Amino acid sequence: MAKFPKLKVIQPYWDVPEEIRDIEQGKYLPFCSHIRIVVEGQVVSSYEELLSLVAEDRHKDKDFLEVRFFEIISGG
């Protein structure tokens, strides 16, 4: 099995500012319509997209990939 980088989840609003997760824990990220998940500058909308991004050659030598959450605020 290929070695995937871990996810460094940056959490601006929670008690723990950052945490390290294995790629398998990525399936529990909040993939929903009001939160955008950005991994290494690229928006990811599902666990499958996350796996595809992590498997790219440009990430093969990295130990961590930075993951950030952005809340989408709508209304007037």
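Quick note: the coordinates plus some simple rules give every number you see, no bench work behind them. Just so we're clear, the structure is a prediction, and the values are computed from it rather than from any experiment. Neighbour counts run over all protein chains shown; Cβ positions are idealised from the backbone, glycine included.
In whole percent, what relative contact order does the stretch 6-71 give with Cα contacts below 8 Å and a gap of six or more residues?
Relative contact order for the stretch 6-71 comes out at 42 percent.
When the helix-only estimate is applied to the chain (DSSP H runs of n ≥ 4, each -39,500 (n - 2.57), divided by the residue count), what is the mean residue ellipticity at 222 nm, nearest 500 deg cm²/dmol?
Computed ellipticity for the chain at 222 nm equals -3000 deg cm²/dmol.
What distance in nm lies between label points placed 7 Å from Cα along the C-beta direction at ILE10 and GLN25?
With each label point 7 Å from Cα toward Cβ, the separation is 1.8 nm.
Number of Lys-Lys pairs in the chain under 15 Å by Cα, sequence gap 8 or more or different chains?
7
In the chain, what percentage of the DSSP-assigned beta bridges are antiparallel, given to the nearest 5?
70 percent
Using only the Cα atoms of the stretch 6-71, build the gyration tensor, take square roots of its eigenvalues as a ≥ b ≥ c, and label the shape rounded, prolate or oblate: rounded if a/c is under 1.5, else prolate if a/b is larger than b/c, else oblate.
Judged from the Cα gyration tensor, the stretch 6-71 comes out oblate (a/c at least 1.5, b/c at or above a/b).
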